[in-house]
Structures are given as structure tokens and as C-alpha cells.
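The values are calculated or read from the model by the stated rules, or taken from the named source; none is laboratory data. Because the structure is predicted, anything quoted here is derived from the model rather than measured. Neighbour counts run over all protein chains shown; Cβ positions are idealised from the backbone, glycine included. Surface areas here come from the heavy atoms of the whole protein model, side chains and all, with no ligands, DNA or RNA. Shrake-Rupley method; radii C 1.70, N 1.55, O 1.52, S 1.80 Å.
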Amino acid sequence: MANLTLTDDGLEWLVKRGFDNVGSHAVSGHLAIGSGATTPSTGDTALVSETARVAATFAYVSPGVCTVEATFGAGVGTGTVAEAGVFVGSSSGILVGR
């Protein structure tokens with residue numbers, strides 16, 4: 001079986017599909033922080049020790065590149081921040097990246 005090489009246009013489509021809040025599809029619209037210090041793995045389904053999760057905003061930068069930003073208010077997610085994750089969903093949901 002041959003490897004699949006993503007094109008620039010294909011990668012751009014994936015980024016927009018996964019992070020753009022336009023349309024009816026599920027988007028990666030939340031950012032979480034936690035205190036877990038283990039190394040991220042492709043098999044992760046949650047943060048090790050999530051302390052807070054808030055809605056995030058998406059900004060398209062260039063093909064295959066975007067920014068996801070969120071603000072954690074005073075007193076939210078206090079303590080050591082050793083991990084972060086982008087999620088589809090305000091609670092549980094799919095961990096897109098850690």
C-alpha cells in the first residue's frame with residue numbers, strides 16, 4: 001500500500017474543516033489546560049489532569065496553519081499548567097491535539 005501525501009490544498013481543507021466555526025460541522029472549538037506532565041501520545045483521548053476548559057477562537061494563517069486562542073479568566077485553571085489540549089466539545093468530546 002502506498003503512503004498518502006497530503007497536498008497543500010488538502011492540508012488547508014483539513015485545517016479549515018477542523019477549526020473553522022463556519023458551517024454545520026463539529027469544530028475544534030475549545031481549549032483546555034491541565035497539570036499532567038506525561039509526554040503526549042497519538043493515543044491520548046483526554047488530558048492527564050484537566051483543570052479548565054473554555055471556548056476558543058480560530059484564525060486561519062496559511063495552508064495547513066491556524067491559531068487557536070482562548071482566555072482563561074482570573075481564578076480559572078489555577079495552579080501548574082503543564083499541558084493543553086484542543087477539543088471538539090465543551091466537556092468530554094474529541095481531543096484533537098495535546
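Annotation: of all residues in the range 74-98 being more than 13 Å from Leu31 (Cα to Cα) and of a type in the set (Gly, Ala, Ser), the one that is most open to solvent (accessible area, probe 1.4 Å) is Ala74.
What number of residues in the range 43-62 are of a type outside the set (S, T, N, Q) and exposed (fewer than 15 other Cβ atoms within 10 Å of the Cβ)? Here the count works out to 5.
Of all residues in the range 27-44, exactly one satisfies the criterion of being among the β-branched types (Val, Ile, Thr), touching a Lys or Arg at 6+ places or on another chain (Cβ under 9 Å) and modelled with pLDDT of 85 or more, namely Ile33.
Take Val54 and tell me if it is in a strand (DSSP E or B), of a type in the set (Val, Ile, Thr), out of contact with any Gly (no Cβ under 6 Å at 6 or more places or on another chain) and modelled with pLDDT of 85 or more. Judged against the criteria, Val54 is a match.
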